[in-house]
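Here the structure comes first, spelled out in structure tokens, and everything after it is commentary.
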């Protein structure tokens, strides 16, 4: 393996340990009363316009001080630790439509929304539908109450806005994918090398061309940066297809060791997303997961998150393997247009 990669990883500001990060507060970005007032006014104006939400543009959300505050967070997402938690939105005052409007307005001041599925949806509700990934071709993990193994989403960053929390469980879990690879490189360089080679990923029926799988590495060393693409669960569900090569023992061991390292107490951050919190994270340098949760019986109290994917103006160069990918193609194409 190229020795320069180890040096790059060592200097990467996204190479952090969860234990250290939990003792800091600079990853929490609290809204001021002025910020909240500006957003309240913008949401009310957007809703009173009767315009379709997804037709609204950045100029439709006048946020004189909150807008620059949000845009500045992009320096933490790319070139920094790779994540931030925005605190202080009045989530309990929002119904689903108002919550979507608020998140859409926040997102437009940070980047450009990206498609999350084969139907081109730009906003997703993240809640338990009662369905399961196992035994299905298109149910995705976020539609269940399952524990979620460490993975990343699509586009450059994801925003996860907590409208309501569940009865118990559902803790947010975050780890530096750079730090995980750093540890793997030190302990098992052979497995680190394996992750830089091709794996087969289940597309969960989301490709518009009907392709059932995509082929690319889990980690990419590109333009002097380490970029992750971890879909642990979907690599394994791809094995249900007879024409997909069987995972080798090295491939299995490499995937397991990533999860094992990520779950080590010194590595992982674990925290509660409270109503009004938005977790924003760079998919290329962080992995996230969730503990299983139990929900309320009453429908109006049930756990409800809203998810938005963005490409950001300061996003990193992307490897060619992302061209045509179901979840990275849009970001890749937008880079090429710049």
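The values are calculated or read from the model by the stated rules, or taken from the named source; none is laboratory data. On a predicted model such as this, the values are computed, not experimentally measured, just so you know. Positions of Cβ are backbone-derived with ideal geometry, glycine not excepted, and every protein chain shown enters the neighbour counts.
What strands (runs of 3 or more DSSP E) completely inside segment 163-271 contain at least 2 residues that are modelled with pLDDT of 95 or more and closer than 15 Å to residue 288 by Cα? Spell out the reasoning first.
Details: elements: 172-176, 198-202, 213-217, 219-222, 225-228, 269-271.
Qualifying strands (runs of 3 or more DSSP E): 172-176, 225-228.
Which condition number in (1) in contact with a helix residue (DSSP H, G or I) (Cβ under 6 Å, 6 or more places away or on another chain); (2) touching a residue at least 40 places away in the same chain (Cβ under 8 Å); (3) closer than 22 Å to residue 122 by Cα is the one that residue 228 fails?
(3)
Tell me, please, whether a residue that is in contact with a helix residue (DSSP H, G or I) (Cβ under 8 Å, 6 or more places away or on another chain), surrounded by fewer than 21 Cβ atoms within 10 Å (Cβ to Cβ) and closer than 24 Å to residue 331 by Cβ can be found in segment 233-247.
yes
Of the conditions (1) at positive phi; (2) at pLDDT 95 or above, residue 50 fails just one. Which one is it?
In the conditions (1) at positive phi; (2) at pLDDT 95 or above, residue 50 misses (2) alone.
Which of the residues belonging to segment 201-215 are touching a strand residue (DSSP E or B) at 6+ places or on another chain (Cβ under 9 Å) and surrounded by 21 or more Cβ atoms within 10 Å (Cβ to Cβ)?
Start the filter on segment 201-215 by keeping residues that are touching a strand residue (DSSP E or B) at 6+ places or on another chain (Cβ under 9 Å), which leaves 201-203, 207, 212-215.
201, 202, 203, 214 - these are the residues of segment 201-215 that are touching a strand residue (DSSP E or B) at 6+ places or on another chain (Cβ under 9 Å) and surrounded by 21 or more Cβ atoms within 10 Å (Cβ to Cβ).
So if I check each of 23, 2, which one is exposed (fewer than 13 other Cβ atoms within 10 Å of the Cβ) and at pLDDT below 95?
Working: 23 fails: at pLDDT below 95.
Every option except 2 fails the conditions.
Does residue 313 satisfy the criteria of being touching a strand residue (DSSP E or B) at 6+ places or on another chain (Cβ under 9 Å), in contact (Cβ under 8 Å) with a residue 40 or more places away in the chain and outside any helix (DSSP H, G or I)? Step through it out loud before you land on a result.
Values: touching a strand residue (DSSP E or B) at 6+ places or on another chain (Cβ under 9 Å): yes; in contact (Cβ under 8 Å) with a residue 40 or more places away in the chain: yes; outside any helix (DSSP H, G or I): yes.
Here the answer is yes, as residue 313 does meet what is asked.
Is it true that residue 34 is over 23 Å from the mean Cα position of the chain (by Cα) and in a helix (DSSP H, G or I)?
Yes.
With (1) surrounded by 13 or more Cβ atoms within 10 Å (Cβ to Cβ); (2) closer than 15 Å to residue 111 by Cβ; (3) over 20 Å from the mean Cα position of the chain (by Cα) as the list, and residue 62 as the residue in question, which single condition is left unmet?
The number of the failed condition is (2).
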